[in-house]
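Each remark here refers to the structure printed beneath this line.
The values are calculated or read from the model by the stated rules, or taken from the named source; none is laboratory data. Predicted, not measured: the structure shown is a model, and the values here were computed from it. Cβ placement follows ideal geometry from the backbone for every residue including glycine, while neighbour counts extend to all protein chains displayed.
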Amino acid sequence: MIPKLLLFSMLIALILPLYSHAGATDDKNTLHKRIEQCELCHSIDTKVPSIAPSLDGMADGYIVEQLENFRQSRRGVDSADQFTQDMSQQANALNDRQISLIADYYSGRKRHHSNESVSGNAENGEHLYAQLCEGCHSSILGRYFTKSPRITHLRGSYLRTQLEEFSAGKRQVMKDSEHKLKMVEVAGQLSGREQSDIVAFIKEHYTD
């Protein structure tokens, strides 16, 4: 006769893989549905009139941080901005596991470069970018230590809007991050024309 303890252990060994497989299948199905929702606005080929950025190739940690910012109302609270309000609703519908899966998915995809031209003084923008932006956003070490995203591939309209949001205090950040607070400070020092100049330089100079 098989001892009860041994029999119980054998049953557990048989059942656990079934639960694990079911959980993995649920994760895959859930991820597929969530990604479909994300792609409506974030796809590089989206037909929706949105300024949402392409998420392909973004660092997973940055995606997680920004979704958390939306969930904690650090972003998406401007009553005049329906797009970011919608984003807040989408983020609040996600749990931590789903956010992690979405971040893993997009961080593993190839980054797409947006190469439209933007009105502005690119020569002046080059000087401003080198002085204020390059160290955190274009340097590998800078991005690593400051957790700043790569931005040169993003749509010019999105970049311009985010500078405006930071400058107007409508886009908040994690309070314990001195580097992100620096972003708010820097954006606040720039005039609207200087913001356009920086974006014009980025879209003219960078190809990746």
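Scanning segment 184-206 for residues that are surrounded by fewer than 15 Cβ atoms within 10 Å (Cβ to Cβ) and closer than 15 Å to E134 by Cα turns up just one, H205.
Of all the numbered requirements in (1) at pLDDT 90 or above; (2) exposed (fewer than 14 other Cβ atoms within 10 Å of the Cβ); (3) within 30 Å of R34 (Cα to Cα); (4) not charged (D, E, K, R), H137 misses one, and that requirement is (2).
Every test in (1) over 14 Å from the mean Cα position of the chain (by Cα); (2) among the hydrophobic types (A, V, I, L, M, F, W, C); (3) not assigned by TED's automatic domain parsing to the domain that holds P149 is passed by A130 save one, and that test is (3).
Listed here are the residues, each with its yes/no results for (1) assigned by TED's automatic domain parsing to the domain that holds H205; (2) surrounded by 18 or more Cβ atoms within 10 Å (Cβ to Cβ); (3) in a helix (DSSP H, G or I).
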{"position": "I99", "(1), (2), (3)": "no, yes, yes"}
{"position": "A103", "(1), (2), (3)": "no, yes, yes"}
{"position": "G120", "(1), (2), (3)": "yes, yes, no"}
{"position": "R143", "(1), (2), (3)": "yes, yes, yes"}
{"position": "R160", "(1), (2), (3)": "yes, yes, yes"}
{"position": "R171", "(1), (2), (3)": "yes, yes, no"}
{"position": "H179", "(1), (2), (3)": "yes, no, yes"}
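A single member of S117, S191 is over 30 Å from R71 (Cβ atoms), touching a residue at least 60 places away in the same chain (Cβ under 8 Å) and more than 15 Å from the chain's Cα centre (by Cα), and it is S117.
Looking across Y105, Y62, one residue alone is out of contact with any Cys (no Cβ under 7 Å at 6 or more places or on another chain), of a type in the set (F, W, Y), under 22 Å from K182 (Cα atoms) and touching a residue at least 60 places away in the same chain (Cβ under 8 Å). It is Y62. Within segment 88-119, being among the hydrophobic types (A, V, I, L, M, F, W, C) and more than 15 Å from I35 (Cβ to Cβ) holds for one residue alone: V118.
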